1. For region 29-44, how many residues are within 30 Å of residue 226 (Cβ to Cβ) and surrounded by 24 or more Cβ atoms within 10 Å (Cβ to Cβ)?
2. Could you list all residues from region 190-211 that are touching an Asp or Glu at 6+ places or on another chain (Cβ under 9 Å) and crowded, with 21+ Cβ neighbours inside 10 Å?
3. Out of the residues in region 275-301 that are in contact with a Pro (Cβ under 9 Å, 6 or more places away or on another chain) and touching a residue at least 60 places away in the same chain (Cβ under 8 Å), which is nearest to residue 148 (Cα to Cα)?
4. For residue 233, are the conditions met, namely being outside any helix (DSSP H, G or I), more than 20 Å from residue 39 (Cα to Cα) and either at pLDDT 95 or above or assigned by TED's automatic domain parsing to the domain that holds residue 105 (or both)?
5. Could you please find all residues in region 210-236 being closer than 28 Å to residue 49 by Cβ and over 21 Å from the mean Cα position of the chain (by Cα)?
6. What about residue 260, is it surrounded by fewer than 18 Cβ atoms within 10 Å (Cβ to Cβ) and either at positive phi or at pLDDT 95 or above (or both)?
7. Can we say residue 323 is in contact (Cβ under 8 Å) with a residue 12 or more places away in the chain and either in contact with a helix residue (DSSP H, G or I) (Cβ under 7 Å, 6 or more places away or on another chain) or part of a strand (DSSP E or B) (or both)?
8. For region 71-187, which fully contained strands (runs of 3 or more DSSP E) count at least 2 residues that are more than 19 Å from the chain's Cα centre (by Cα)?
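The values are calculated or read from the model by the stated rules, or taken from the named source; none is laboratory data. Being a predicted model, the structure only gives us computed values, none of them experimental. Please note: Cβ atoms are built from the backbone with ideal geometry, for glycine as well, and neighbour counts cover all protein chains shown.
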Amino acid sequence: MKVLKNIFGISLIIVSSLASFSCSDNQKVKELNFGFIGPLSTRATVLGIGPAKAIELVVDEYNANKKENEPKINFFIEDDKWEKDLALPLYTKLRKEHNIDIVFISNSDGTVAIQKNIIEDKVICVNQLNNDELLSKLNKNTFKIAKRTEETNGIIGHRITDLGLKKTVIFHFPNDFMTRGTNAVKKILDKENIECKIIKVPKDQVDFSIELEKCKDEGYDSYVFFGYKNFGFAMKQVRDLGITNKVFGSTVLLEQAYYDNSEGAIVDSEFPFFTTLDGNKILATDFFDKYIEKFGEKPGAEWPALQARDASKLVIDIIKEVNTNKPAEIHISDWLRSELLNTTYYKGACGNLSIGEDGASRGVYFSLYKYVSEMKVEKIK
């Protein structure tokens, strides 16, 4: 009888173990869906095409090399044409058609627009381009793995101060990023008692001659253009009016349409920018080699693609451990949020990244660059 009891006990243990294994296998995360919302046409395409391809590259590389216990990742892309009003419809489409778990989004205003939905849907949102004070006050599922908006554009304010310029006018596109960049520069100039005039322009404006002529008459010695390709027309009109003063721009000048619209007048402009010189050169070079091999060319500007590379790779490096580390009773969004918040000194192509309690990253630092010829820049400092 004793022997039978022991055999029966052992059998129970085996059955229990098999049941446990079977249950665990059923609970495994086998696939996850990523969505991307960014400008692929119309405006600011440098902020959409390069990042979308960068994430596609990272996802494809992961899927090709993933282990059996790691989930497959599917990637779906939508074009918001840099219109904040398209963010929510496109997000809704991605959820309805592909049930996305994570959404990468380029537009700051668009990030704000989908806040209510990502909480309701338990989706993690990652802005891989912008990282500002407003975005850091949004809900717990929003992460910013990117440069600091105010800090980056503030480089122009410090440059104006260093050059001893006394009267600055800032033209800016009417979205959150360019408005915050403008305010960051003004704050710096105000501290130094440097006069600063702000002109907010409609998004489709192409003729700036009336405003520029007035600024010329009023003796402004520096002109700042915080906006997209239409501001190339403004740079051309500055020179057509015989204005020879310093011209500054934001982070998006290295777009072919910007140069074309300026008819070359963009040359000698200074702006905050980021290249392989500013981050981890080995990782960045390796990434661009693979990017060129896959897509046949390098992205128009390095930093949007590099930031997207780091943001998506960081997320994937966490996700690959989901079936090993995530407790069964915890929703994947809660687990991923917790893991992201524990990020410290992650080795990325842009630098060593850490994420604070507000979901904002540190570790991406821009420099001052000069536009030297068509689609060519050089680092000033």
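1. Our first condition is that a residue be within 30 Å of residue 226 (Cβ to Cβ); within region 29-44, this holds for 35-44.
Keeping just the survivors that are surrounded by 24 or more Cβ atoms within 10 Å (Cβ to Cβ) gives 35-39, 44.
Counting residues in region 29-44 that are within 30 Å of residue 226 (Cβ to Cβ) and surrounded by 24 or more Cβ atoms within 10 Å (Cβ to Cβ) gives 6.
2. 196, the sole residue that qualifies.
3. Among residues in region 275-301 that are in contact with a Pro (Cβ under 9 Å, 6 or more places away or on another chain) and touching a residue at least 60 places away in the same chain (Cβ under 8 Å), the one nearest to residue 148 (Cα to Cα) is 299.
4. It is false that residue 233 is outside any helix (DSSP H, G or I), more than 20 Å from residue 39 (Cα to Cα) and either at pLDDT 95 or above or assigned by TED's automatic domain parsing to the domain that holds residue 105 (or both).
5. Hits for region 210-236 are 224, 230, 231, 232, 233, 234, 235, 236.
6. The answer is yes for residue 260.
7. no
8. Where strands (runs of 3 or more DSSP E) fall fully within region 71-187 and carry at least 2 residues being more than 19 Å from the chain's Cα centre (by Cα), they are 72-79, 167-172.
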